[in-house]
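Peer 1: Mind looking over this structure? Questions follow.
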Amino acid sequence: MQDKTEIDGKGYWRAVLRLTLSLLAIWFLVSYGAGILFRDFLDQMNIGGAPLGFWFAQNGAIYVFVALIFYYCWAMGRLERKFGLKG
Amino acid sequence: MMDQDFWTYFFVVLTFGLYIGIAIWARAGSTQDFYVAGHDVHPTINGMATAADWMSAASFLSMAGLIAFLGYGGSVYLMGWTGGFVLLALLLAPFLREFGKFTVPDFVGDRYYSTTARVIAVVCTLFISFTYIAGQMKGVGVAFSGFLGVPFEWGIGIGMVIVFIYAVLGGMKGVTYTQVAQYVVMIFAYTVPAIFISLIITGNAIPQLGFISNVRGDDISMLDKLNEVVTGLGFGAYTETSKSKLDIFAITGALMFGTAGLPHVIVRFFTVRSASAARYSAGWALVFIALLYTTAPAVGAFARLNFINTVNDATYIEDGEDYDASAAAIVAEGGKPVPVWYKDWEKTGLLSFEDINGDGIMQYRGPNAPDGIQNELKPSNDIFVLANPQIAQLPGWVVGLMVAGGLAAALSTAAGLLMVISSAVSHDLCRKTLFKDMNDKTELMVARGAAASAVFAAGLLGIFSSQLGFVAQVVAFAFGLAAASLFPTIFLGIFWKRMNREGAIASMTFGLVATFSYIVYFKFVDLDPAHWLLGVSPEGIGFPFMLGSLVVGMAVSLMTAPPPQEIQDIVEDIRVPGLRRTLAVAQEHTAP
């Protein structure tokens, strides 16, 4: 028996999984991707005086990690409001 | 050194007094206070405490030096020890907080409706935490013996007393607020010298920007210059590594998933008010960690360059000689005297010079030196961070601050680990397994007793393990085991409803046994890298075994009965914040 006041837990969870997967894809790309696997290709370019792939491995990936977590916090807050979970 | 000794004592006594003061102010009154600081810590404050909890003596003292020697190869620590927080924030922390219990074995025991699973999780937790804490206590002993002339064992003893006071009295509440103070001490001590070194080498005050700038007064980038200098001395290029891509990948993975599975990090997220606060807390923790972790590679590179510039090919001055007179004579002859900071730090044994060719000059060379000269210098990893203030010619009090910072890093991590050890024993082993009718008051007493015995055991372990001298090797254990045993079980427990008791027991046992055997075998029995599985080193083996542990857990679950309905309902509840409450309200409304 589906009640109208009951929240759409399944829809919410699907949206959470979609968000989590896309953020993990970025997480993988900036560290394992840019810093390790495609490093040689990226090193053809420079950021300031550092080869780009090397810079991602030692500094850049960390900045992206921080941004990812705060975006996640914001996006989860939005999802919770959308599905009426806030409170 | 007289002046410096004064400042070192001054800062160490001042900070220790501060920690004890905080402990008295933040006494724990209940098990809830003792285990999770009353679930009531502000996310930003908890982020700061998590950063101090996470960054150990190794992060503070050794990492920059390690990167200075490894160059690009050091990236595994930078990415691994920060990327794990993304996994924590997205996959574990908010859900475990929503579950609302006290410890990691608590979650495993309840989610897998099994005392056996709980006890295995306790074993994993204790093993990981004791491995880790031995290194911290050793760090405390080294700091005291190296800088204050106190015997090593006494140094550990003093560290034990301080941690005892604030961990046993204050529990998680005391530990949280001391960790905040320790973070401030630590980050100040780390960044101030880094800014000055960056100014000296590149002319840029921000180390992260100096890292990608040109050498001061020159048209060549700092990293190009460094590559040129190190290859000229016969070392590998700084921006390259001798490790295989696969091994770099695996080590980074083991450190990331290991970070996410370390119990002393996970429990920090139990101290905040809600799942949402746990997410923000992970973000803040990484901000505070990134401050140090993005500075470290810059410090490493600057220190390597500076070390070569000032020490290589310098003329050595013996201890008995008058330093100023000899140095003036060397300069008059057009030579370069050994720097003052080198002579000061030589006494600690962190630097050593052996005049192999007997010419009185200190030659620093790599294995493939073009001029065929043998290397005569052995700097330790820790020297670069410690000697930074003097290299940058900062006043004596900055050195004192560095020592206090190193102690803060070691003590904050040790305290976090002690809390995990004591709660695993008092809560999971005693109250939930052996004496189920224990009341809250008795449990708090047992928790304090367990914390006290853990302090004692950790101190002995610190003394004992430093005599054996393989602390560095066993650190691979902590991360490998956390990645392969705890992470898969917690992750599947949240994201796969079908995961059952049998799967969890099989998965944790596989991760524990496989990782343990592999590391012991290749660290102590067969040291030949040619025999490694798929070419993955013991440091990185946690990653493939983590994947293996996921597969084992899922396969065994599918072959056995699904978990009971009420467990599946619990999983639904922790996925959707506030669901339990909302449903209860909805039912009230529809009730006649």
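Peer 1: Within the stretch A:8-16, is there a residue that is at the interface with chain B (Cβ under 7 Å from one of its Cβ atoms), surrounded by fewer than 19 Cβ atoms within 10 Å (Cβ to Cβ) and more than 15 Å from B:Val86 (Cα to Cα)? Step through it out loud before you land on a result.
Peer 2: Initial filter on the stretch A:8-16 (at the interface with chain B (Cβ under 7 Å from one of its Cβ atoms)): A:9, A:12-13.
Checking the rest, the ones that are also surrounded by fewer than 19 Cβ atoms within 10 Å (Cβ to Cβ) come to A:9, A:13.
Adding the requirement that they be more than 15 Å from B:Val86 (Cα to Cα) leaves A:9, A:13.
Looking for residues that are at the interface with chain B (Cβ under 7 Å from one of its Cβ atoms), surrounded by fewer than 19 Cβ atoms within 10 Å (Cβ to Cβ) and more than 15 Å from B:Val86 (Cα to Cα), one finds at least one in the stretch A:8-16, hence yes.
Peer 1: Have a look at B:Ile195, B:Ile187 and point out the one that is within 18 Å of B:Asn388 (Cβ to Cβ), free of Cβ contacts under 8 Å to residues at least 60 places away in the same chain, more than 14 Å from chain A (Cβ to nearest Cβ) and not acidic (Asp, Glu).
Peer 2: Going through B:Ile195, B:Ile187 in turn, the sole match is B:Ile195.
Peer 1: Within the stretch B:223-248, how many residues are outside any helix (DSSP H, G or I) and more than 13 Å from chain A (Cβ to nearest Cβ)?
Peer 2: 5
Peer 1: Additional query: From A:Ile47, A:Ile26, grab the single residue that is under 17 Å from the mean Cα position of the chain (by Cα) and either without any contact (Cβ under 8 Å) to a residue 60 or more places away in the chain or more than 8 Å from every other protein chain (Cβ to nearest Cβ) (or both).
Peer 2: The match here is A:Ile26.
Peer 1: Taking into account only those residues within the stretch B:29-74 that are buried (at least 20 other Cβ atoms within 10 Å of the Cβ) and among the acidic types (Asp, Glu), which is farthest from B:Thr442 (Cα to Cα)?
Peer 2: B:Asp53
Peer 1: Continuing with the same structure: Can B:Asp324 be described as farther than 30 Å from B:His39 by Cβ, outside any helix (DSSP H, G or I) and not small (Gly, Ala, Ser)?
Peer 2: no
Peer 1: Give the stretch A:63-87 a look and list any residue that's more than 14 Å from the chain's Cα centre (by Cα), facing chain B (nearest Cβ under 7 Å) and not in a loop (DSSP other than H, G, I, E, B), or say none.
Peer 2: A:Gly77, A:Glu80 - these are the residues of the stretch A:63-87 that are more than 14 Å from the chain's Cα centre (by Cα), facing chain B (nearest Cβ under 7 Å) and not in a loop (DSSP other than H, G, I, E, B).
Here is a yes/no grid of residues against (1) over 19 Å from B:Tyr72 (Cβ atoms); (2) surrounded by fewer than 21 Cβ atoms within 10 Å (Cβ to Cβ); (3) modelled with pLDDT of 90 or more:
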| position | (1), (2), (3) |
| --- | --- |
| B:Ile187 | yes, no, yes |
| B:Thr191 | yes, yes, yes |
| B:Ala194 | yes, no, yes |
| B:Ile200 | yes, yes, no |
| B:Ala205 | yes, yes, yes |
| B:Gln208 | no, yes, yes |
| B:Asp218 | yes, yes, no |
| B:Met222 | no, no, yes |
| B:Gly234 | no, yes, no |
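Peer 1: Taking the condition of being closer than 18 Å to B:Ala484 by Cα and assigned to a helix (DSSP H, G or I), how many residues in the stretch B:257-290 meet it?
Peer 2: Matching residues across the stretch B:257-290 total 9.
Peer 1: So is B:Gln136 among the polar types (S, T, N, Q), buried (at least 19 other Cβ atoms within 10 Å of the Cβ) and modelled with pLDDT under 85 or not?
Peer 2: When the stated conditions are applied, B:Gln136 passes them.
Okay, residues lined up against (1) more than 26 Å from the chain's Cα centre (by Cα); (2) without any contact (Cβ under 8 Å) to a residue 12 or more places away in the chain; (3) within 21 Å of B:Leu70 (Cα to Cα):
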position	(1), (2), (3)
B:Ala327	yes, yes, no
B:Gly335	yes, no, no
B:Thr348	no, no, no
B:Asn388	no, no, yes
B:Met402	no, no, no
B:Thr413	no, no, no
B:Gly416	no, no, no
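Peer 1: So, one more: Which residue out of B:Ile212, B:Ile251, B:Ile220, B:Ile206 is within 14 Å of chain A (Cβ to nearest Cβ) and in contact with an Asp or Glu (Cβ under 6 Å, 6 or more places away or on another chain)?
Peer 2: Matching residue, one of B:Ile212, B:Ile251, B:Ile220, B:Ile206: B:Ile251.
Peer 1: So, in the stretch B:292-304, how many residues would count as being more than 10 Å from every other protein chain (Cβ to nearest Cβ) and more than 16 Å from B:Leu386 (Cα to Cα)?
Peer 2: Residues that pass the stated criteria total 0.
Peer 1: Still on this model: Looking at (1) within 7 Å of chain B (Cβ to nearest Cβ); (2) closer than 29 Å to B:Asn204 by Cα; (3) buried (at least 21 other Cβ atoms within 10 Å of the Cβ), which is the one condition that is false for A:Gly60?
Peer 2: It fails just one condition, (1).
Peer 1: Going residue by residue through the stretch B:293-316, is there one that turns out to be assigned to a helix (DSSP H, G or I) and over 30 Å from B:Gln374 (Cα atoms)?
Peer 2: Yes: the stretch B:293-316 contains one or more residues that are assigned to a helix (DSSP H, G or I) and over 30 Å from B:Gln374 (Cα atoms).
The values are calculated or read from the model by the stated rules, or taken from the named source; none is laboratory data. Everything quoted here is computed from the prediction, not taken from an experiment. Please note: Cβ atoms are built from the backbone with ideal geometry, for glycine as well, and neighbour counts cover all protein chains shown.
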